[in-house]
Amino acid sequence: MGNRIMIFDTTLRDGEQAPGCSMNTREKLEMARQLARLKVDVIEAGFAIASEDDFEAVKTIAQNLKDGPIIASLCRARDIDIDRSWEALQYAERSRIHIFIATSEIHITYKLKSTHEDVLQAAVTAVKHARRYTDDVEFSPEDAHRSEQDYLCKVVEEVIKAGATTINIPDTVGYGVPWEFGARIKNLFDRVPNIDKAVISCHCHNDLGLAVANSLEAIRNGARQVECTINGIGERAGNASLEEIVMALRTRKDLLDFEVGVNTEEIYRSSKLLTSIIGIPVQPNKAIVGANAFAHEAGVHQHGMLQKPLTYEIMTPESVGVPQSRLVLGKHSGRHAFKKRLEELGVMLAEEALNRAFIRFKIVADKKKEVFDDDLLAIVEEEALAAGETYTLEYLQFTSGINIVPTATVRLKRENEIFQESGWGDGPVDAAYKAIDQITKIQGRLADYSIRAITAGKDALGEVVLKLEVNGHTVIGRGTSTDVIEASVRAYLNAINKIVGAARPPKDMAAPRGL
Ligand code: KIV
Ligand code: ZN
């Protein structure tokens, strides 16, 4: 058995399944492109049969991501799911059909209302069906960690005979503790006679905060694939966090002598992109990608760091791609310097995207004396995600103060048409939103709104992230500006555009790199 660990990223499937984490096809493609730059081995792009949107996302990713990771789609152990997955996956250069069915007593009895024999039969039949399409078939006995061991061994043996090439062992409800989960993996190696014909994988949920520890124990006991998500997003308490597993393997190579293909310098960017898409920030003390992960506040720590970084730093911020927030550009910087700095940050933009981002940069640089790397990344990210939006902001004017009625006038462009409306409200943001509602005729409920400064200073770029509910559908909007009212309007428009855009087929995004 080699020591190479495959990283199977399920941010776009298990992660996206979590409340508030849904993404549209455009966003999934953008995220998939970043995961390819991160060099994960497998991207689980969705659950093709679950909805039209899921199907579109898997298909779009399969069509657009070339020379990259294997693209997988999840299926229940049913022919109809497998056929639908293949319909979407057939365009991928390398694809995988991932089949699951529950094998624990509690799931078989109460959820599936079935029997152990029927579940085993369904699993074998499904794997055989999938093998007609591809020779890369993964099988997951859902709730494996709570499944009876003899039965689990039997299922694993039979699905390998039927043609499964990867066997994924999920701790679906995050119940296991590390030595117990590791022993379960070892038990399979000890008792399943044909185990060497498949790659063993683990898939740990984080209900007890043990998902990463359990995954590392699985690796120590023979698993050679780990399923995980960026920022650890996923059902309930989430899935095992990709960045924590990868950096644990890399930092503790003395104890965990394994290889991963991940380009760790893309970790921070991947985390930031996901945050900006789903609008859920990571906690400041989150390992690896939290805002405080590399901050040394205490005087004694700072002193130690200055003497020798290793006193308090077990890995460097550079190794995970955390940009050092330093002054780089100002209002006199030209397009060439702008492009060059972006390239230094690892951001390559297609011509059109670069032009749009440069125009935004000039506007920001005019208002803000110092433009930091974080500002640049925020501008580029917003432009990439906004590419191809239906409505664009042409003009915004508002009045507000004490003892006057706040009003706003908004002018939007849609293709070649210009629309203008005015509104009044509780404040300038409310007034502007009302004006936009009159133009777009979309009445939404603002379910959440937050604002933060991207960098320090009174002239910092402000970022607004909001959630808009329209007809029971929630979308995230994001906007940045040195002016918080403008940032609020851009965020609202970004959300409205997602509602409008959901009705249109997704366009291929020309930008090879959105962040
Ligand atoms: O948690 C789980 O059991 C899953 C399977 C579908 C792999 O997500
Ligand atoms: Zn899961």
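We did not get these values from a lab; they are worked out from the coordinates using the rules stated. Every value quoted in this text rests on a predicted model; they were computed, and no experiment measured them. Note that we place each Cβ from the backbone using ideal geometry, even for glycine, and neighbour counts take in every protein chain shown.
Summary table
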read-out	value
Relative contact order computed over the range 17-140 (Cα-Cα under 8 Å; 6+ residues apart), in percent	21
Farthest positive-ward along the chain dipole, Cα basis, beta-carbon charges - from PHE55, MET315, ILE5	MET315
Amide proton proximity set for LYS39, modelled H, under 5 Å, gap of 5+	ASN263
The range 7-18 - phi-based ³J(HN,Hα) in whole Hz, Karplus 6.51/-1.76/1.60, Gly and Pro as x	9, 9, 8, 10, 4, 7, 10, 5, x, 5, 5, 6
Angle in degrees between helix 373-386 and the longest Cα principal axis of the chain, rounded to the nearest 10	80
Out-of-range pairs (alpha-carbon distance over 20 Å; input LYS441/LYS498; LYS331/LYS368; LYS28/LYS498; LYS66/LYS161; LYS340/LYS362)	LYS66/LYS161
Partner lysines for LYS186 [C-alpha distance under 16 Å; skip if fewer than 8 residues away on the same chain]	LYS154, LYS197
Long-range HN-HN contacts of ILE101 with modeled amide H, under 5 Å	SER140, GLU142
Helical contribution to [θ] at 222 nm, DSSP H n ≥ 4, -39,500 (n - 2.57), averaged over the chain, rounded to 500	-12000 deg cm²/dmol
Fraction in percent of alpha-carbon pairs per bin - 10 Å, the chain	4, 18, 27, 24, 16, 9, 3, 0, 0
Cα long-axis angle, helix 242-251 against the chain (0 to 90 degrees, to the nearest 10)	70
On Cα atoms only, tilt of 335-344 relative to the major axis of the chain in degrees	30
For HIS205, residues with placed amide H under 5 Å, excluding near neighbours	ASP171, GLY174
